[in-house]
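A.B. asks: Sharing a structure with you now.
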Amino acid sequence: MSQERVNFGSKLGMILATAGSAVGLGNVWRFPYMTGQNGGAAFILIYIACVLVLGIPCMMSEFIIGRHGAANTGRAYGKMGTHGMWRLVGCMSVLTGFLITGYYAVVSGWCLQYIFSSAFGELSGNPEYITRYFQDFSSSPIKPVFWTVAILALTHFVIIHGVRSGIERASKLMMPTLFVLLLMVVVGSCMLPGAHKGIEFLFRPDFSKLDSNMFLAAMGQSFYSLSIGMGCICTFASYFSRQANLMKSAVNIVVIDTLIAVLAGLMIFPAAFSVGVNPDSGPSLIFITLPNVFREAFSAMPLVGTLIATLFYILLSLAALTSLISLHEVSTAFFYEELHITRKKAALIVTVSCCIMGAFCSLSIGGREWLVIAGRSLFDVFDFVTGQIFLPVVGFLTCLFVGWVVPRDIVKDEFTNWGTLRGSLFTVYLLLVRFICPICIVAIFLNQLNLI
Ligand code: PHE
């Protein structure tokens, strides 16, 4: 059966598609901020350590389940498990991916709107105006819903063209474009007067800021940034060929993801410091702080400013879109294989339900009371439940599953491509996935819930 399954057509396509999933809004709106707040280069070093100890083994585990299971995430877990419960874990991973698609699409839609807002000069005004512009836009009942549907329609278009002509082709086009645009904005930002202060702030290691909270934050970020625990990595791995070197692929993807996160820092900090603004994180960074920063930093050359801001939102939309495609594929593959319907029908079910979910999430931002649950807007509820509860739970169980339940021979065969690759790292991997990763994930989980 695994031979019949459609594969990515090339190694490059496989790496770029999976890296496309990993590179997303998190790289731009969280990593630079966390780096700035937590001691610059010291944080980057800790982050890299977390990626090595936690990120790569967890990614490898999903690779192994996906490629061996050669099916959607729910079925892949079920096939390899000894007990029906493992299928449930796989299904929970699909559900996490599905729920995230709904609210991730909302923010991705905002990025699309901001391409036009910046290109048409709508973002020129004083800081109060830019804040109000964002508040009015994001809470309006029509515009953001329209953009949510628009970006889901784009995703749908890619997905229905299948794995090779859809996902792989789109990633091969979008990822290099994203990279080039990023470099252009980095150059623009680093050439501003006073930019060196931002570069110094980002890269000056300050080890006095190191503490356990920062460690936990770095671990959480590595998990999120690599799209672990949402079925994305597992689903894509089900399209990997038997020749693919899993360890090498994981390293490539992690390097791309980290490089882009660091470059995002080089895009934001120099510009922010040149106008004396301290960058924050989350939606307010990219939709309020940065438009201000771009406008002020390039006030002597407004056209360059408009160009840089527009390129920035295009690259952000590309990053969001590639992540959205991987999220959509998780549910599409699930419905397609479980309901025995065509890929197109499965994609349509996912798109329509995500449009509905996204519309409600978007509407909940305006403070509409019927969309507030336990004091949080529906949007925040989705974010909280998926990111802080489902994700660590699935990640934890996945480590236990691969470490303790799946027969060791299967894991070793996948790790070493049936003995054709050197397996010297296998023992280290097993040690990490059996003991270290589960312990770290429990710590992140408790920390996120403020229990430690
Ligand atoms: N890894 C993505 C990022 O860094 C986040 C993401 C979440 C991707 C959910 C896919 C699914 O932004």
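A.B. asks: Looking only at the stretch 299-319, count how many residues are without any contact (Cβ under 8 Å) to a residue 60 or more places away in the chain and under 19 Å from G194 (Cα atoms).
C.D. replies: 4
A.B. asks: May I pose another question? Can you pull out every residue in the stretch 44-92 that is farther than 30 Å from V255 by Cβ and either touching a Pro at 6+ places or on another chain (Cβ under 7 Å) or open to solvent by 10 Å² or more (accessible area, probe 1.4 Å) (or both)?
C.D. replies: Here is the first cut: in the stretch 44-92, the residues farther than 30 Å from V255 by Cβ are 74-75, 78-79, 81-88, 91.
Selection gives R75, G78, K79, G81, T82, H83, G84, M85, W86, R87, L88, C91.
A.B. asks: Follow-up question, since we're still on this one. Mind listing whichever residues of the stretch 365-391 are buried (at least 19 other Cβ atoms within 10 Å of the Cβ), part of a helix (DSSP H, G or I) and modelled with pLDDT of 85 or more?
C.D. replies: L378, F379, V381, F382, T386, F390, L391
The rows are residues; the columns are (1) under 13 Å from I56 (Cα atoms); (2) within 9 Å of the ligand (Cβ to nearest atom); (3) assigned to a helix (DSSP H, G or I); (4) open to solvent by less than 30 Å² (accessible area, probe 1.4 Å).
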residue	(1), (2), (3), (4)
G198	no, no, yes, yes
F201	no, no, yes, no
N213	no, no, yes, no
S227	yes, yes, no, yes
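A.B. asks: Among (1) open to solvent by 10 Å² or more (accessible area, probe 1.4 Å); (2) under 30 Å from F137 (Cβ atoms); (3) in contact with a helix residue (DSSP H, G or I) (Cβ under 7 Å, 6 or more places away or on another chain), which single condition is A41 missing?
C.D. replies: A41 satisfies every listed condition except (2).
A.B. asks: Oh, and also: Hey, could you check the stretch 9-33 for residues that are under 27 Å from T289 (Cα atoms) and either open to solvent by 20 Å² or more (accessible area, probe 1.4 Å) or not in a helix (DSSP H, G or I) (or both) and say which is nearest to the ligand (Cβ to nearest atom)? Working first, answer last.
C.D. replies: First, pick out the residues of the stretch 9-33 that are under 27 Å from T289 (Cα atoms): 20-33.
Right, trim to either open to solvent by 20 Å² or more (accessible area, probe 1.4 Å) or not in a helix (DSSP H, G or I) (or both) and you get 23-24, 29-30, 33.
Values: V23: 6, G24: 3, W29: 8, R30: 8, Y33: 13 Å.
It comes out as G24.
A.B. asks: I159 - would you say it is of a type in the set (V, I, T) and loosely packed, with under 15 Cβ neighbours inside 10 Å? Steps first, answer last, please.
C.D. replies: Working: of a type in the set (V, I, T): yes; loosely packed, with under 15 Cβ neighbours inside 10 Å: no.
No; evaluated as a whole, the condition is false for this residue.
A.B. asks: Of all helices (runs of 4 or more DSSP H) completely enclosed by the stretch 51-124, which ones contain at least 2 residues that are without any contact (Cβ under 8 Å) to a residue 24 or more places away in the chain?
C.D. replies: Values: elements: 56-69, 73-80, 84-119.
Here the list reads 73-80, 84-119.
The values are calculated or read from the model by the stated rules, or taken from the named source; none is laboratory data. A quick note: this is a predicted structure, and the numbers were derived from the prediction, not measured. Reconstructed Cβ throughout: ideal geometry from the backbone, glycine too, with neighbour counts over all protein chains shown. Heavy atoms of the whole protein, side chains included, go into the accessibility calculation; ligands, DNA and RNA do not. Shrake-Rupley method; radii C 1.70, N 1.55, O 1.52, S 1.80 Å.
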